[in-house]
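Below is one structure; the comments refer to it alone.
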Amino acid sequence: MPPVLVTGATGFIGREVVRRLLAAGRPVVALARRRRNRPAADRVAAAVGLGPDGRRLDVVEADLTRPGLGLEPSAWRRLRETVELVIHGAGDTSFFPEASTSFRAGHVDGPLELLHGLTTGRLRVWAQLSTAYVCGRRSGLVLEHEGDVGQAFHNAYERVKLEAETALRGAGARLGVDVRVFRPSIVVGTAPETAGGSPANLFSGFIRLVGMLAESANGAEVPLRIVAAPQAPFNIVPVDFVTAAVVALALYPDGAGRISHLVVADAPSQQATLAMITERLGVRGLSCWMCVALVSRTPRGWRPGRAHARGLSRVSGAGRPVRRRRGAAAPGPVRAPAPPPVLPCGPSAHRPGPGDTRGSPSGGLGGDRVR
Ligand SMILES: NC(=O)c1ccc[n+]([C@@H]2O[C@H](COP(=O)([O-])OP(=O)(O)OC[C@H]3O[C@@H](n4cnc5c(N)ncnc54)[C@H](OP(=O)(O)O)[C@@H]3O)[C@@H](O)[C@H]2O)c1
């Protein structure tokens, strides 16, 4: 059986994709970076929880931002001769990247080079992990077949993800490769059990903060107003649903050229989500407030600096377990409402809703994942 090439295997979603493929008996070749002198093979082994054996799991060292991806001609040859399907999950998930050239190279130029490089071989299908938030600042119903409709964006991440979708689909159409696009909303799950993942991000940091408040207030009311868009939907999906859908739809024989929204149709509001978190952690008094004045006074081009990121992760103690108040329900991952079943056909859409603030600044605290 030909191996599936997976990029992003050290990441939150990619490692689950690799595990799922291996469990289904599909050999995998993971394209991954060497970092801090740590070889890619070690990093993938640590992330997936299984060492490369050259038969079921092979690791090839590559960096999407480097010319030729840093691959030796012999590696290109081997990949061309074997790979028919790519599941592309690599990507810098910062909302406000510091270096825009390498950010774009990693999302657009590198993947295009990989696609072009493999097309002269056996490549037939390219499965692209995009995001539901390529819709940017649109509100109302967003359909799967819609891409660039001239929308504005909250950040560079949303913009580059749409650019990548468009570029890869265009190249696929010219080169005869079936490009399939997957658009998850905010992916949640427990922090990775294996090494290498970073469980810190804005939302999990927030949950930790509420956990700390619950503990210090010892059950008392904590009057705290949180700037948000109370009625906007908060669309979260579990990582196992996303990876099951990606693998099934990438392999589905009739899925050619499809774009799939991997989202919850009726997402709870931000207010309802806050209520779930506070109830679970046993703290009262927190409320969601729309603060239009603050938002509209934010200077153009403002972005959160490193200090904001450091400050929040210090306050929230990212990486520490959330302790619960005595008598409160046992902690566990925040669960999304049941996602739709994995259906290879049929339209699905999502409604970002007015004031959807998913794109609000996270300042390097993570991508759109929630762990
Ligand atoms: N998580 C979400 O909520 C969510 C939602 C919608 C869409 N997505 C999309 O799903 C994909 C995976 O997200 P994730 O949450 O798993 O991200 P993640 O945990 O940050 O993982 C990103 C992966 O991409 C790799 N990568 C980044 N730049 C690279 C480069 N230049 N060359 C080679 N590999 C590179 C990283 O490798 P290193 O370990 O070497 O850094 C890592 O394996 C992304 O495309 C993201 O946009 C995520």
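Return the equivalent ellipsoid semi-axes of the range 89-232 as a descending list in whole Å, where each equals the square root of 5 times an eigenvalue of the C-alpha gyration tensor.
Whole-Å semi-axes of the equivalent ellipsoid: 36, 19, 14.
Using modelled amide H (1.01 Å from N, peptide plane; none on Pro or chain starts), what sits under 5 Å from the amide H of Leu286, excluding residues fewer than 5 places away?
Val222, Leu224
Give me, ordered by chain and number, the residues 5 or more places off Ala30 or on other chains with an amide H under 5 Å from its own placed amide H.
Placed amide hydrogens put Val6, Asp58, Val59, Val60 under 5 Å from Ala30.
Given 37 °C and 0.692 mPa s, how large is the Stokes-Einstein diffusion coefficient of the range 72-164 in µm²/s, with Rh as the Kirkwood radius over Cα pairs?
223 µm²/s
Return the FRET efficiency for the residue pair Ala24, Ala99: r is the Cβ-Cβ distance, R0 is 45 Å, and the value is rounded to the nearest 0.05.
So the FRET efficiency works out to roughly 0.75.
Using the Cα atoms of the range 36-76, I'd like the radius of gyration and the largest Cα-Cα distance, Dmax, both in angstrom.
11.2, 30
Tell me, what is the FRET efficiency for Ala195 and Leu141 to the nearest 0.05, using R0 = 30 angstrom and their Cβ-Cβ distance as r?
With a Förster radius of 30 Å, E is 0.15.
With a 10 Å radius around each residue's Cβ, average the other Cβ atoms per peptide and rank 267-275, 83-91, highest first.
Going from most to least packed, we get 83-91, 267-275.
Would you mind computing, in nm to one decimal, how far apart the modelled labels at Val222 and Trp289 are, each placed 7 Å from Cα along Cα→Cβ?
1.7 nm
By how many nm would the segment from Arg56 to Glu279 lengthen if fully extended, with 0.36 nm per residue of separation less the alpha-carbon distance?
So the chain would gain 75.8 nm between Arg56 and Glu279.
I'm a student and want to see the number: the projected area of the Cα convex hull of the range 1-135, averaged over all directions, in nm².
Computed as one quarter of the Cα hull surface, the answer is 8.4 nm².
Among 254-261, 15-22, how do they line up from the highest to the lowest mean number of other beta-carbon atoms within 10 Å?
Output ranking for 254-261, 15-22: 15-22, 254-261.
None of the figures in this text is laboratory data; all of them are computed from the coordinates on show. Computed from a prediction, not measured in an experiment: that's the story for all the values here. In this analysis, Cβ positions are derived from the backbone assuming ideal geometry, glycine residues included, and neighbour counts consider all displayed protein chains.
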